[in-house]
Structures are given as structure tokens and as C-alpha cells.
Amino acid sequence: MKSVEEQLSRYKSVHFNKKNIQTHFIGIPLIIWAITLLMSLSSFDIHLLGLTIKITAAKVFFTFAILYYFKLHWRLAIGMLLYIIPNIYIAEKMAYMDNAYVLAIIIFVIGWIIQFIGHYFEKAKPAFVDDLSQFLIGPFFLMAEVYFAIGWEKELLENITPTARQKRRELEATKRAVKV
């Protein structure tokens, strides 16, 4: 498994432009919420010790995602958990709306449009194009950016930035070589 530094530096290598990062703070939460809503549209109940627990694909998926995040970096994972719990709660409440899937699809498409606008400013392809695991790292990266902005996890930022810059230089060199 790649370390948190490897994962975040890879993601950051195509996310240096401030406008791109700003669009990601809109696009990624929209995409996550839309996916959460879609995964909350069907559910089943488990009865355990007198309690009824509603199970959705969203809860199952995000349980595994959070476990992965905790394996990468427990302090960032706590932030992700605090983000994901209300996300699931709201999506489950909205799943009962008529045509909730239509709303989810519209929000999903809008989120991706915003993402691609950001990468237009960045002049770099999205990280997931070369590494599908970066789909999970995108939200984690945003949480890291929040932590960095408030002065937390300075050592992590210092560890990932030089590697991200080097990876970006390599990407730019590859682009130039292909053009020639």
C-alpha cells in the first residue's frame, strides 16, 4: 500500500493552481454527495439486539473508505469521518424524495463539469486518469488542504510538496517530449 505521502504528493502534483483547488472544493463534495445519494436509494434493515440498523451501499462503501483513510493517516481520517457522517445522513433523508436519482445524476454531472473547469486552469489531466485509486484520494486531499490551511499537519505538507513538485516537473517534461 502506498503511504499517505505518496498518495497525497501524487494528487498534489496536478493540483497546484489555486483556481483548480477552489473548483475541487465545490466539485468533489458535489460528486461525493451525488454518489452517496445514489448509493442510499436502496437499503435493508438488520435487527440486532433489539435495534434496527439501516444498511445502504453508501454506509458499506464509506465504512471501507474510512478504514482505508485511517490506515493512511488517522488524524485526516477523523476529519473525513466528520465530513462523511452528515453526508450520509442527508443523502439518506433525501433518498425518499421522488426522483432522487435524477437529482443525484444532475449534481454528479455538475460536479464533474466544475472539476474539468479546474483542470483547464491547471493545464494538467486529473490524477485518476493514470491511477484510479486517486478517486479515493481526492476527498482526502481536500481534507489535508483544510488541515494545512489552519496550520495543522505542517510536517505532512513539508513532506509532500517537494515530491509533488518533482512529479509535476516530470509530467511537464513528458508533455514537452510528446509535443516534439
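The values are calculated or read from the model by the stated rules, or taken from the named source; none is laboratory data. As the structure is a prediction and not an experimental result, all values here were calculated from the model. Reconstructed Cβ throughout: ideal geometry from the backbone, glycine too, with neighbour counts over all protein chains shown.
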Seminar exercise, completed: Checked the range 85-112 for anything in contact (Cβ under 8 Å) with a residue 40 or more places away in the chain, within 30 Å of Lys175 (Cα to Cα) and more than 15 Å from the chain's Cα centre (by Cα); matches are Ile110
For this session: Mind telling me which of the residues Phe108, Phe135 ends up being farther than 19 Å from Lys19 by Cβ, outside any loop (DSSP other than H, G, I, E, B), modelled with pLDDT of 95 or more and not β-branched (Val, Ile, Thr)?
Result: Phe108
Exercise. Among Ile150, Ile160, Ile117, which is within 14 Å of Val14 (Cβ to Cβ), modelled with pLDDT of 95 or more and not hydroxyl-bearing (Ser, Thr, Tyr)?
Worked result: Ile160
Exercise. Restricting attention to the range 49-56, does a residue exist that is within 16 Å of the chain's Cα centre (by Cα) and touching a residue at least 24 places away in the same chain (Cβ under 8 Å)?
Worked result: no
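Every residue, every condition in (1) under 17 Å from Phe135 (Cα atoms); (2) assigned to a helix (DSSP H, G or I); (3) basic (Lys, Arg), yes or no:
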residue: His47; (1), (2), (3): no, no, no
residue: Thr52; (1), (2), (3): no, no, no
residue: Ala58; (1), (2), (3): yes, yes, no
residue: Phe64; (1), (2), (3): yes, yes, no
residue: Arg75; (1), (2), (3): no, yes, yes
For this session: Consider only pairs whose beta carbons are under 7 Å apart and that are at least six residues apart or on different chains; among these, list those whose first residue lies in the range 156-180 and is more than 25 Å from Trp74 (Cα to Cα) and whose second residue is assigned to a helix (DSSP H, G or I).
Result: Lys167/Ser9; Lys167/Arg10
Exercise. Going through the range 13-25 one residue at a time, which ones are surrounded by fewer than 20 Cβ atoms within 10 Å (Cβ to Cβ) and over 11 Å from the mean Cα position of the chain (by Cα)?
Worked result: Phe16, Asn17, Lys18, Lys19, Ile21, Gln22
Seminar exercise, completed: Within the range 15-59, the residues that are farther than 24 Å from Ala91 by Cβ, of a type in the set (A, V, I, L, M) and modelled with pLDDT of 95 or more are Ile21
Problem set entry | Which numbered condition Pro86 fails, given (1) surrounded by 16 or more Cβ atoms within 10 Å (Cβ to Cβ); (2) assigned to a helix (DSSP H, G or I) | (1)
For this session: Run down Phe148, Phe128 and say which single residue is surrounded by 13 or more Cβ atoms within 10 Å (Cβ to Cβ), farther than 24 Å from Ser40 by Cβ and free of Cβ contacts under 8 Å to residues at least 24 places away in the same chain.
Result: Phe148
Exercise. Given Ile55, Ile46, Ile66, Ile28, which one is touching a Pro at 6+ places or on another chain (Cβ under 8 Å) and either loosely packed, with under 12 Cβ neighbours inside 10 Å or not hydroxyl-bearing (Ser, Thr, Tyr) (or both)?
Worked result: Ile28
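Can you pull out every residue in the range 1-40 that is in a loop (DSSP other than H, G, I, E, B) and hydrophobic (A, V, I, L, M, F, W, C)?
Met1, Val14, Phe16
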